[in-house]
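Trainee: Quick one: the structure is below, and I'll ask about it shortly.
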Amino acid sequence: MARNWSITEAHCNHQVDFTPRLQDHDNFIPSKSKHTPAYHMLHTTIMDYHQHAKYHLKLAVIMRNHNQFKACLILCDWALASMIKALYIHKYHLVHPPKELTMNVILPLVHMDIEPGLDIALFIGTMQHMSSLADYPHDQPLELNNIEKLLQRTEEILDELATRLEDDSSE
């Protein structure tokens, strides 16, 4: 099946959605066999979102290095959203994750029996909120030290969630 990539603008910050779109099907449940085209497409879509998360994080570091702190926050948010979408596709075997990542979507994906994942869900929600603010109050500018901490925590969460993807795929 051929892929069509839709590019849409969202809100005022011109976010670009690189969500893969299928011509024939919106969502489907692929068979468990790793040799079917449906499984291959599902796996490829997961890896695409995972790769997007890595790219967004790399770009966030570049923006931080150029003192573009707002852009850095937005890219961190996009990286986290891409990873959550990869987890969503992996868990539910649906090619199209929801556009809006609410706590009702995020929490079941980051929750594990061993680790509740509430801190990860709250961090993701905080990053969504911070990146959606049009402007920060002039009396509270973003500081490099705070951006460093947010960037570092984003990277830690992405690494942890990527490990979950890899652990689940080896089963």
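The values are calculated or read from the model by the stated rules, or taken from the named source; none is laboratory data. Small disclaimer: the values here were computed from a predicted structure and weren't measured. Cβ: placed from backbone, ideal geometry, glycine included. Neighbour counts: every protein chain shown. To get the accessible areas, we keep the full protein, side chains included, count just its heavy atoms, and leave off ligands, DNA and RNA. Shrake-Rupley method; radii C 1.70, N 1.55, O 1.52, S 1.80 Å.
Trainee: Apply 1/(1 + (r/R0)^6) to the Cβ-Cβ distance of Leu122 and Tyr39, taking R0 = 30 Å, and write down the FRET efficiency to the nearest 0.05.
Mentor: Computed FRET efficiency for Leu122 and Tyr39: 0.35.
Trainee: Then there is this: I'd like the FRET efficiency for Glu156 and Asn104, computed as 1/(1 + (r/R0)^6) with the beta carbon distance as r and R0 of 25 Å, rounded to 0.05.
Mentor: 0.55
Trainee: Principal axes first, then extents: for the Cα atoms of the stretch 75-129, list largest minus smallest coordinate on each axis, whole Å, largest first.
Mentor: Dimensions of the stretch 75-129 along the principal axes of its Cα atoms: 29, 27, 16 Å.
Trainee: So how exposed is His52, as accessible area in Å² (1.4 Å probe, rounded to 10)?
Mentor: Its heavy atoms expose roughly 40 Å² to the probe.
Trainee: Relative contact order of the stretch 54-116, please, whole-number percent, based on alpha carbon pairs below 8 angstrom and at least 6 residues apart.
Mentor: 23
Trainee: Give the calculated FRET efficiency between Met112 and His66 to the nearest 0.05, with a Förster radius of 35 Å applied to their Cβ-Cβ distance.
Mentor: Efficiency, rounded to the nearest 0.05: 0.45.
Trainee: Oh, and also: Heavy atoms only, 1.4 Å probe, whole protein assembly: order Ser132, Ser82 by accessible area, highest first.
Mentor: Ranking Ser132, Ser82 by accessible area, largest first, yields Ser132, Ser82.
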